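The values are calculated or read from the model by the stated rules, or taken from the named source; none is laboratory data. These numbers were taken from a predicted model, which means no experiment stands behind them. Reconstructed Cβ throughout: ideal geometry from the backbone, glycine too, with neighbour counts over all protein chains shown. Accessible surface areas use protein heavy atoms only, side chains included; no ligands, DNA or RNA. Shrake-Rupley method; radii C 1.70, N 1.55, O 1.52, S 1.80 Å.
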Amino acid sequence: MLLFACPLAMLLQVWYDGESYNLQCGTGMQRVAWIARVAAQRFGAAGIWCSPGKEVQRPKEFIPGRVFLYPSEQELDPEATILSLVEGEPESEEVVISVLVELRSKPAPGLPSLAAHGSEDNVVPPKSSKSALNYKMEFDERGRVVTMMPAPLPGPRQGYDFMECYEKINISDIKGDSDNKILTAMKHVLSNNFNTILDIFLHYATPTQPTEEEEEVELVITMSSMALFARTCHLTSDSCSFLQIQLSSVQPDLIYPVEEEWNLGIFDARYNFPGFMEALARERRLCSLRLPLSLHAGIAHLKKFGMFAICDQLNKLLHTQILPYATGDDVDSTRELLQRPSVKNILFNQRSGIRKFYHKRLNLENDVSTNARSMTLYAYIAALRAADQLDEELTPQSVKEIWLATISYEVPPDLISEDDKKMEIALCEFEEIIVRSVLHKSKVNEDGLPQQLDLFIKRFLRYNV
């Protein structure tokens, strides 16, 4: 692996059939095979549903193929990292590489489906199911009957065993009336995509710090990294905040424990790998939470089908949101500052007061159509005013801009006023808003940020907690 003195921002220009698009890939730790997989989903006006022109409303299925350097057409190793394509010392912090992808296409009847109308229907194999599931097909008086046979499981990888991780997943509260066939199908969806899901987890995960109670170091995804994952995969929208994703990612009794006065439960949690897989299985419900213009509902409306089985919902989420976009994070200098030990230490030392302030403004019973369930832009501006921290630099207008830059989806500024009480934020987003506020108010450099952040939080909490 190549190492550079400063972090790179990798930008790919991906070419196919005379068309191109730009693909942000962060520090370039994704594999080359990821480029082809993303291209298979993104090319065309509407992703995998691009019409061939002559066949109106007829979707096209793209199958990932080889990847070449452009224009030299040198074939690339699919297992190589994008970063390894950089030759020599880069001249700037942003490196642009052009690649050409090879895609095969054919008319597609629809999304991969395991149980199109729920548990009463025969199971229909997904398109790429050969490695994940064997099917026995028979014909009788009822017609074609497809029976699922025992499937080969993926082998251990990076210290993770699929069955050990799967047995730690608990979705008893969401399986509803699903029978064993549907639950088995969901298991096969996870099994079929196990290696890729693990790659995604390892991209966003960081090691825990050993403590007196827990000496073993474990890889986990922090809540701020989970927010980055949700932002990159376009899981959030104005009708599905990151707070909603948090609520959907765990069992209800883990959302908001009450045995400790300031325990924030899931809002201040971390995900190990089994927890990350469970979160994906649970977040398949986001299909039903989105507005009609969102990707999930848009495809469902175009194809005019509904998916009721949890295996289908998970399969849809993985193929249309997670696999094409995950790890393609945009570079954000402020979020990189949040990962610096000096900044993380300040937030850690002030975590008690920050939690108390956030906790007081949590009300999960609120009707989200009229009032947010957490801290709002209006409440934050009021708290800054109470602490006398608004000035010529940090104005209500600039606070609104900071707020919109932090939340994990795009909102037109002219649609939001400084008195907004509907946009809700998670605890990790609130911490980012505080850091952005200090940078905007104090105009300090990176070295001076920790001291100014500490002073800002202390004054803020003194007048508001």
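Given a Förster radius of 30 Å and the C-beta distance between T370 and S98 as r, what FRET efficiency does 1/(1 + (r/R0)^6) yield to the nearest 0.05?
Values: r = 49 Å, r/R0 = 1.64.
Given R0 = 30 Å and the Cβ-Cβ separation, E is 0.05.
FRET efficiency for the K421 to E73 pair, using the beta carbon distance and R₀ = 60 Å, is estimated at 0.60. The heavy atoms of K441 offer some 50 square angstrom of accessible surface to a 1.4 angstrom probe.
Here the label points at T395 and T208, each 7 Å from Cα along the C-beta direction, are separated by 4.7 nm in the simple model. Projected label points at D447 and N170, each 7 Å from Cα along the beta carbon direction, are separated by 5.0 nanometres. Peptides 22-33, 238-249 ranked from most to least packed by the mean count of surrounding Cβ atoms within 10 Å: 238-249, 22-33.
Give me the percent of accessible area attributable to carbon and sulfur for the range 373-457, probe 1.4 angstrom. Can you show the working numbers first?
On the way: 1670 of 3630 Å².
It is 46 percent, rounded to a whole number.
My understanding is that a pair violates if its Cα-Cα distance is over 28 Å; which of K421/K458; K344/K443; K316/K421; K356/K421; K356/K400 do that in this structure? Could the numbers behind the result be given before it?
Numbers: K421/K458 25 Å; K344/K443 19 Å; K316/K421 33 Å; K356/K421 20 Å; K356/K400 23 Å.
In this structure, K316/K421 exceed 28 Å between Cα atoms.
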